[in-house]
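Engineer: To start, I am sharing the structure in question, which I have written as structure tokens.
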Amino acid sequence: MYRFFIALVVLSVIFVKKEYRQKFASTFWRGSVVGLFYALYFIGMFKALETTTVLNTSTLYTLIPLITAILCIFFFKENISKKQFLVYLIAMVGTAIVIFTADISLFLSFSLNSGDAIFLLGSISMAFYSIFLNVLYRKDDKSLVFVFSTLLGGSIAMFLAMQILDIPLEWHKIEGGLFYYVLYLATATTIITLLLYQKGAALLGSKKLMAYLYLSPAIVAVMSYFWNDTSITGSVFLGILVSIFATIILLKEKV
């Protein structure tokens, strides 16, 4: 909620332009629907992490591209060929190798619990986010106004969820260095990411947009290697290559 609030404050400067103010009324309800599903993903993730692990949520996260592809059948009449389905499975395997660091013992100890069911619902919401981002965005929309509406709708959803779940804000605990981390999250991984998602959905479509999620664990592994001196074993490197090639194949496939 704090992250979304800061992003709203930063982005509110766009309304110094009259054309952006004029676009807000017609954009708000559509952006709010998109923001609702985006917020539900985060609500589900943080609620799930009370009773499950990051390893479990990272593994279930790999289901989002496939869930999105299935939803595209109903929303956009985009079928999934046998080849595409196989590539999705291969991409999930490659990504899982990176997530489990090619450790068979971690894989064998993997088990689901109630928190995972919550995160699965959150993952479905993320898939719906990409679907409605494609359905509700108009070519004549102002991108920054749509992002602002998405954040505002998401903030309202989060606030209501906190009231229902009786969760206090406790924003006073975010101080010192933690504030700068949240500021980075609010600008780089919220405003900029939403803007890129929006552009990507318009150019690529929901299915291809979500296919990029398979690259996330691989990118984190490579960044950790250069910045944190984390080693990458041959098996993990193979998983990274599988994720990359599978993603490329999905992106090159015709809808």
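Engineer: Just checking my list (i) 7, 31, 36, 22, 4, 0; (ii) 7, 28, 29, 21, 12, 3, 0; (iii) 7, 26, 35, 24, 7, 1 against P(r) over Cα pairs in 10 Å bins from 0, in percent computed from this structure; which label fits?
Structural biologist: (iii)
Engineer: While we're on this one: Label the range 48-88 by shape, choosing from rounded, prolate and oblate, from the square roots a ≥ b ≥ c of the eigenvalues of the Cα gyration tensor; if a/c is under 1.5 it is rounded, and otherwise prolate applies when a/b is larger than b/c, oblate when it is not.
Structural biologist: Working: a/c = 6.22, a/b = 2.18, b/c = 2.86.
Oblate, since a/c reaches 1.5 and b/c is not below a/b.
Engineer: Do you know the relative contact order of the chain, to the nearest whole percent, from alpha carbon pairs under 8 angstrom that are 6+ apart? Could you put the intermediate results ahead of the total?
Structural biologist: Numbers: 312 pairs, mean separation 96.5, N = 255.
So the answer I get is 38 percent.
Engineer: What is the packing order of peptides 75-84, 141-150, taking the mean over residues of other C-beta atoms within 10 Å and listing the highest first? Please report the intermediate quantities before stating the final value.
Structural biologist: Numbers: 75-84: 12.6, 141-150: 23.1.
In decreasing order of mean packing, 75-84, 141-150 become 141-150, 75-84.
Engineer: If you find the alpha carbon centre of the range 102-138 and of the range 53-82, how far apart are they in angstrom?
Structural biologist: Cα centres, the range 102-138 to the range 53-82: 8 Å.
Engineer: On to the next question. Normalise the Cα radius of gyration of the range 107-225 by 2.2 N^0.38 Å (N = residues in it) and let me know the number.
Structural biologist: Working: Rg = 17.0 Å, N = 119, 2.2 N^0.38 = 13.5 Å.
Taking N as the residue count of the range 107-225, the ratio is 1.26.
Engineer: Net charge within 9 Å of Cys72 by Cβ-Cβ distance, Lys/Arg positive one each and Asp/Glu negative one each, not counting Cys72 itself? If you can, show how the numbers build up before the last one.
Structural biologist: Values: positive: Lys77, Lys207; negative: Glu78.
Taking every Cβ under 9 Å from that of Cys72, the sum is +1.
Engineer: What angle do you read, to the nearest 10 degrees and between 0 and 90, between the alpha-carbon axis of helix 216-227 and the longest principal axis of the chain?
Structural biologist: Helix 216-227 sits at roughly 80 degrees to that axis.
Engineer: When the helix-only estimate is applied to the chain (DSSP H runs of n ≥ 4, each -39,500 (n - 2.57), divided by the residue count), what is the mean residue ellipticity at 222 nm, nearest 500 deg cm²/dmol? Before the final figure, lay out each step's value.
Structural biologist: On the way: 13 runs with 189 residues, N = 255.
Helix contribution divided over all residues of the chain: -24000 deg cm²/dmol.
Read-outs throughout are calculated quantities, based only on the coordinates presented, and are distinct from any laboratory measurement. None of these values were measured; they are calculated from a predicted model. All Cβ positions, glycine included, derive from the backbone under ideal geometry; neighbour counts span all protein chains shown.
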